[in-house]
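K.L.:
Dropping a structure here in structure tokens format, bear with me for questions.
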Amino acid sequence: MSDSLLSKHMSHLEEAGYVQVIKGYHGKRPRTWYSLSGTGRQAFDNLGLKGLALPLS
């Protein structure tokens, strides 16, 4: 997946309220951090994918 496609998907998830986005810098390099919102966590849990582990932020 290209960076631009990933960015587009994440923008849609942010607009839907499923993820929270934090943008900043690590040294001089720009960085973007994503985390599931409460709504995103509920939606994921409702998928019934209990065996799929997500890293905790």
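K.L.:
When you scan segment 22-34, how many residues do you find that are surrounded by fewer than 13 Cβ atoms within 10 Å (Cβ to Cβ) and either of a type in the set (Ser, Thr, Tyr) or touching an Asp or Glu at 6+ places or on another chain (Cβ under 6 Å) (or both)?
P.N.:
Count: 2.
K.L.:
Continuing with this model, one more query. Of all residues being over 10 Å from the mean Cα position of the chain (by Cα), among the hydroxyl-bearing types (Ser, Thr, Tyr) and not in a helix (DSSP H, G or I) in segment 1-31, which is modelled with the highest pLDDT? Just the residue, please.
P.N.:
Once the filter is applied, the top-ranked residue is Tyr25.
K.L.:
Within segment 32-42, how many residues turn out to be more than 12 Å from the chain's Cα centre (by Cα) and of a type in the set (A, V, I, L, M)?
P.N.:
The total comes to 0.
The values are calculated or read from the model by the stated rules, or taken from the named source; none is laboratory data. The model shown is predicted, which means the values in this text are computed figures rather than measured ones. Note that we place each Cβ from the backbone using ideal geometry, even for glycine, and neighbour counts take in every protein chain shown.
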